[in-house]
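To start, the structure itself, in structure tokens.
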Ligand SMILES: [Zn+2]
């Protein structure tokens, strides 16, 4: 009975596996986690195999009907670029009914039944979708590549993420407590929006805070997805030298100019925001997460004015997302800790396609979360690499939290995993050694993923996905 129950917890409310005790979570025996993950994978496969059209197409072509061990799922991992594989003209011409038709092949939610033919912008489309399907929360990437991915996340994924953060950030060291600790969020960006980061904010308020008034955002408004997408297109066109051919909706262009003005004032605004927060929340326990450079700028500005140890020592300061192509000055971590007064800095490795976050320990290792099954693939052929020893290869994950989309996907990251040796920090999970590197950065901007399994099967499935009957 316990194992069945535990599989359900892992898939639906992971912190319940340990009664929300972080210490116990960090020390779950490896063999137990492996067994739960394999059972969870089998369950997800049985549930989704024939229900997600794109997965069915691929599994049929690859003749995969059951999962006996982890590597059986490798031929069915999606290339992460699948979520931006829709024809770009659909978005440029506001053909949202067709985007729904495309998305319908990637999710259980009945997106095709929703009438979005009248929508004239991404913001409008997402608003209609949010209202019509409250269990679906379509989120998008930030468009650094010139186009945006659309991920059909479910509300339950956002909730699971919130619950996991509750366990880590509250860190009560004991089972669930009915009374919420006083905790404030200082967030150096927009309060809401539909990018995957911003979607998570509602989960934070719901699971970690006493109420909306405890969430302090530098911009308390909603970020426009259209403006973000337009910025991405302009950047892409600039890079290709095709800016003069870009077709832009005048209403959105006007908002873009507004947004550019806001961007230009951002450094000054953030400085003011952090000064204000340092006064208003002095001595309080805060939760702040941002890119390393934003955190460091905040700390430098504060330290310059003589502010130190501003917040409570059990505040949770967290960062992730790599170096952002910048050189990190020595001592930036110490500056952040000195200014905030927090005892430690929580660094994490995560990606918007996967619910799980992998936390860095005091020995500099990213410990792999129990919520995602890790794989390493040969960077050229995508064949699975051995699951023992110390291996470097392309990272792939099966996200066990994904319940209405397929959780298996191949990333653009190169990682080294230590599969056998335990980390001296005492945490039981396997871990990433050294830095995470993007193949596209290693290869001068290019990263072509070959999916494992038969190439014709993957091509056939991609043709199926993008055939929208036009
Ligand atoms: Zn460790």
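Scanning the range 314-335 for residues that are more than 23 Å from the chain's Cα centre (by Cα), farther than 27 Å from residue 144 by Cα and in contact (Cβ under 8 Å) with a residue 12 or more places away in the chain returns 314, 335.
Among residues of the range 258-273 that are part of a helix (DSSP H, G or I), those with a beta-carbon under 6 Å from a residue that is surrounded by 13 or more Cβ atoms within 10 Å (Cβ to Cβ) at least six positions away or on a different chain give the pairs 259/227; 270/188; 270/218; 271/301; 273/218. Residue check: residue 183 meets all listed conditions (1) more than 30 Å from residue 310 (Cα to Cα); (2) modelled with pLDDT of 95 or more but one, namely (1).
Select, from 382, 318, the only residue that is more than 16 Å from the ligand (Cβ to nearest atom) and at positive phi.
Details: 318 fails: at positive phi.
Result of the check over 382, 318: 382.
Taking the condition in contact (Cβ under 8 Å) with a residue 40 or more places away in the chain and within 16 Å of the ligand (Cβ to nearest atom), does residue 340 pass? Spelling it out, it is not the case that residue 340 is in contact (Cβ under 8 Å) with a residue 40 or more places away in the chain and within 16 Å of the ligand (Cβ to nearest atom).
Report yes if some residue within the range 197-213 is in a strand (DSSP E or B) and in contact with a strand residue (DSSP E or B) (Cβ under 8 Å, 6 or more places away or on another chain); otherwise report no. Outline the logic, then answer.
Taking the range 197-213 and keeping what is in a strand (DSSP E or B), we get none.
Among the residues of the range 197-213, not one is in a strand (DSSP E or B) and in contact with a strand residue (DSSP E or B) (Cβ under 8 Å, 6 or more places away or on another chain), which makes the answer no.
Considering the range 291-313, the residues that are buried (at least 21 other Cβ atoms within 10 Å of the Cβ) and in a loop (DSSP other than H, G, I, E, B) include one that is nearest to the chain's Cα centre (by Cα), namely 311.
Taking the range 353-379 as the range and being away from the ligand (no atom under 15 Å from the Cβ), touching a helix residue (DSSP H, G or I) at 6+ places or on another chain (Cβ under 8 Å), assigned to a strand (DSSP E or B) and over 19 Å from residue 455 (Cα atoms) as the test, the residues that pass are 373, 375.
Scanning the range 139-159 turns up one or more residues that are in contact with a strand residue (DSSP E or B) (Cβ under 9 Å, 6 or more places away or on another chain) and without any contact (Cβ under 8 Å) to a residue 60 or more places away in the chain.
Looking only at helices (runs of 4 or more DSSP H) that fall completely inside the range 2-103, which ones have 1 or more residues that are touching a helix residue (DSSP H, G or I) at 6+ places or on another chain (Cβ under 7 Å) and at pLDDT 95 or above? Break it down stepwise before answering.
Details: elements: 2-12, 22-26, 30-48, 53-62, 88-92, 96-103.
Correct list: 2-12, 22-26, 30-48, 53-62, 96-103.
Residue 32 satisfies every condition listed in (1) buried (at least 19 other Cβ atoms within 10 Å of the Cβ); (2) over 27 Å from residue 116 (Cβ atoms) except (1).
Within the range 447-470, track down each residue that is under 22 Å from the mean Cα position of the chain (by Cα) and either at pLDDT 80 or above or over 25 Å from residue 64 (Cβ atoms) (or both).
Within the range 447-470, the first condition is being under 22 Å from the mean Cα position of the chain (by Cα), and the residues that meet it are 447-449, 451.
The answer is 447, and nothing else.
Got a number for residues in the range 91-110 being out of contact with any strand residue (DSSP E or B) (no Cβ under 7 Å at 6 or more places or on another chain) and farther than 18 Å from residue 225 by Cα? Even if it seems obvious, please write down each step before you answer.
Within the range 91-110, the subset out of contact with any strand residue (DSSP E or B) (no Cβ under 7 Å at 6 or more places or on another chain) is 91-102, 104-105, 108, 110.
Imposing the further condition that a residue be farther than 18 Å from residue 225 by Cα reduces the set to 98, 101-102, 104-105, 108, 110.
Total satisfying the criteria: 7.
Under the condition of being surrounded by 18 or more Cβ atoms within 10 Å (Cβ to Cβ) and not in a loop (DSSP other than H, G, I, E, B), the residues counted in the range 104-114 number 1. Scanning the range 416-469 for residues being surrounded by 15 or more Cβ atoms within 10 Å (Cβ to Cβ), without any contact (Cβ under 8 Å) to a residue 40 or more places away in the chain and within 16 Å of the ligand (Cβ to nearest atom) gives a total of 2.
The values are calculated or read from the model by the stated rules, or taken from the named source; none is laboratory data. All values reported here derive from a predicted model rather than from experimental measurement. Note that each Cβ is placed from the backbone with ideal geometry, even for glycine, and that neighbours are counted across all protein chains shown.
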